[in-house]
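> This is the structure, below, for whatever I ask next.
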Ligand SMILES: Cc1cc2nc3c(=O)[nH]c(=O)nc-3n(C[C@H](O)[C@H](O)[C@H](O)COP(=O)(O)OP(=O)(O)OC[C@H]3O[C@@H](n4cnc5c(N)ncnc54)[C@H](O)[C@@H]3O)c2cc1C
């Protein structure tokens, strides 16, 4: 069922839902569908419309400090389907050893293991339209298999969750999808442990707002907005909800994407190959996980599109894709800053010149954070600033990755790597000022999962520590980032949360 705050009869909300899910991106839609199948009455509250609108997207405006980053209102999308409306569709599951603690990585390890998420692979493959073969097997590697794995990503359509699932959501008699419904507050009981109602506003200037009651609430508003909502919810909890230990918004992780060197290939090199360190190398050299792309230089060269195009997801339209293909002979891929072109074969003379691109896990630094600033949005909620920097372990990983792959390529006659000066000089400011680093638009760990309330905001079931009925979906709950793109894991976690809630309802404590 579909309603819209612009026109809806709000008596609709006099009932108590089983769950109120806030945010209809990949996390929220996946959770809603799962629970509806179990017979739950779901209120799925989406702040945007079916399509892009400026009034919704403007609510994502924020500030950036630290490493230069895409404007926050272009780094995600705020309407039905969320940021899947311009994601690139690259999919990979986390490695089993991303879940285990490492002595050299502070706060590493998840309270769950890969085997807790594996059962959801077939359904996630289906959700993300990943074609067989299932799984993510390594490619055979000719040399140095004790040092590297040759890995692959799988390509989703890319699946756009709004267009794919809208009709199903609207047809469902178990799901009430409400558009243009912006969560502005969460009201708590006197113990401050249970959410009693969620407060929403539409866009009308005289909109009085309305409340939704449910047994359970789940925030699925993305890795920056989930912490923003919790930090803003100070009408009763003075530090915000779930923030007793000042952790909400901290440990923000990206997948730093670093242009890490040029390659002169011995023979023309046409494809893109991806390498990751073996777990033995991670442990012995005391680094983080990463993937290193080895490719002809022209593969994935950036095409600058204006911010307005990136922000509006117009880059995802088939029209623009066709235009770029026809004019440039290259296909457009909405990835990294929403303006990349990729997927074409270099000419022979181009194929001797290659590049090393590193996409890496990031260490958990408390100073990397989403925090509130004084400036407020149209609903009076504080906007955010994102502070994002690298630390010593990140630097060590970059150095080890470039030197390791460089040695591998040279030793086996594949090519020679020209290491950038900033790396030789250990000059990390120069890496940043040369524009060699950017984000991947993956926003993780800001309400991280931990068994210990002093180290994380949610528990292993994605429930906020100290709260009885408030859960979080999306990559803000990642305990660590790994190097894999996040959306596959986001969908696995949403299905697992759906199962957990259903089982808990069937067997109350
Ligand atoms: C250019 C780009 C390329 C990407 N490429 C990849 C890729 O190749 N592979 C990959 O795995 N990931 C990729 N990502 C990341 C991917 O898009 C996200 O991981 C994914 O969309 C997150 O899903 P989510 O449901 O947690 O959040 P979102 O998709 O951000 O959805 C959040 C939803 O909450 C709604 N909302 C927000 N605030 C409120 C509020 N107050 N009230 C009500 N509703 C609200 C929003 O409107 C939105 O619909 C990319 C991202 C970008 C920007």
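> What tally of residues in the range 422-471 results from selecting those that are in a loop (DSSP other than H, G, I, E, B) and touching a helix residue (DSSP H, G or I) at 6+ places or on another chain (Cβ under 9 Å)?
16
> While we're on this one: So, in the range 1-15, of the ones that are out of contact with any helix residue (DSSP H, G or I) (no Cβ under 8 Å at 6 or more places or on another chain) and in a loop (DSSP other than H, G, I, E, B), which residue ends up nearest to the ligand (Cβ to nearest atom)?
5
> On the basis of being in contact (Cβ under 8 Å) with a residue 12 or more places away in the chain, over 30 Å from residue 243 (Cα atoms) and buried (at least 19 other Cβ atoms within 10 Å of the Cβ), does residue 404 make the cut?
Answer is yes for this residue.
> State all residues of the range 52-67 that are in a loop (DSSP other than H, G, I, E, B) and under 24 Å from residue 201 (Cα atoms); if no residue qualifies, say none.
Start the filter on the range 52-67 by keeping residues that are in a loop (DSSP other than H, G, I, E, B), which leaves 52-53, 61-62, 67.
Passing the criteria: 52, 53, 61, 62.
> Looking only at the range 256-297, count every residue that is at pLDDT 95 or above and not in a strand (DSSP E or B) and tell me the total.
13
> If you check residue 70 against the conditions, is it away from the ligand (no atom under 15 Å from the Cβ), assigned to a loop (DSSP other than H, G, I, E, B) and farther than 21 Å from residue 125 by Cα? Please lay out each step first, then the result.
On the way: away from the ligand (no atom under 15 Å from the Cβ): no; assigned to a loop (DSSP other than H, G, I, E, B): yes; farther than 21 Å from residue 125 by Cα: yes.
Taking the combined requirement at face value, the residue does not satisfy it.
> Now a separate question. For the range 28-42, give me each residue that is buried (at least 24 other Cβ atoms within 10 Å of the Cβ) and not in a strand (DSSP E or B).
28, 29, 30, 31, 32, 35
> Something else: Within the set of pairs 6 or more residues apart or between chains, which connect a residue that is without any contact (Cβ under 8 Å) to a residue 40 or more places away in the chain inside the range 65-90 to a residue that is more than 6 Å from the ligand (Cβ to nearest atom) with Cβ atoms less than 7 Å apart?
Hits for this filter: 78/56; 78/57; 78/59; 78/60.
> For the range 100-116, state whether one or more residues are surrounded by fewer than 19 Cβ atoms within 10 Å (Cβ to Cβ), within 16 Å of the ligand (Cβ to nearest atom) and modelled with pLDDT of 90 or more.
For the range 100-116, residues surrounded by fewer than 19 Cβ atoms within 10 Å (Cβ to Cβ), within 16 Å of the ligand (Cβ to nearest atom) and modelled with pLDDT of 90 or more: absent.
> On the basis of being within 25 Å of the chain's Cα centre (by Cα) and within 12 Å of the ligand (Cβ to nearest atom), does residue 498 make the cut?
No.
> While we're on this one: Among the residues in the range 16-27, are any assigned to a loop (DSSP other than H, G, I, E, B), near the ligand (Cβ under 8 Å from one of its atoms) and on the phi < 0 side of the Ramachandran plot?
yes
> Right, another one. Here is a list: 477, 419, 402. Which entry is farther than 22 Å from residue 70 by Cβ, touching a helix residue (DSSP H, G or I) at 6+ places or on another chain (Cβ under 9 Å) and within 16 Å of the ligand (Cβ to nearest atom)?
Answer to the selection: 477.
> Can I ask one more? I want to confirm something. Restricting to the range 81-91 and keeping residues that are within 6 Å of the ligand (Cβ to nearest atom) and in a loop (DSSP other than H, G, I, E, B), which single residue is surrounded by the most Cβ atoms within 10 Å (Cβ to Cβ)?
87
> OK, next. Need a quick list: strands (runs of 3 or more DSSP E) entirely within the range 134-235 having at least 3 residues that are within 12 Å of the ligand (Cβ to nearest atom) and either surrounded by 15 or more Cβ atoms within 10 Å (Cβ to Cβ) or in contact (Cβ under 8 Å) with a residue 24 or more places away in the chain (or both). Talk me through it step by step, then tell me what you get.
Values: elements: 148-151, 175-179, 182-188, 195-201, 210-219.
Filter on the range 134-235 gives 175-179, 182-188, 195-201, 210-219.
The values are calculated or read from the model by the stated rules, or taken from the named source; none is laboratory data. Quick caveat, the model's predicted, so the values are computed rather than measured. All Cβ positions, glycine included, derive from the backbone under ideal geometry; neighbour counts span all protein chains shown.
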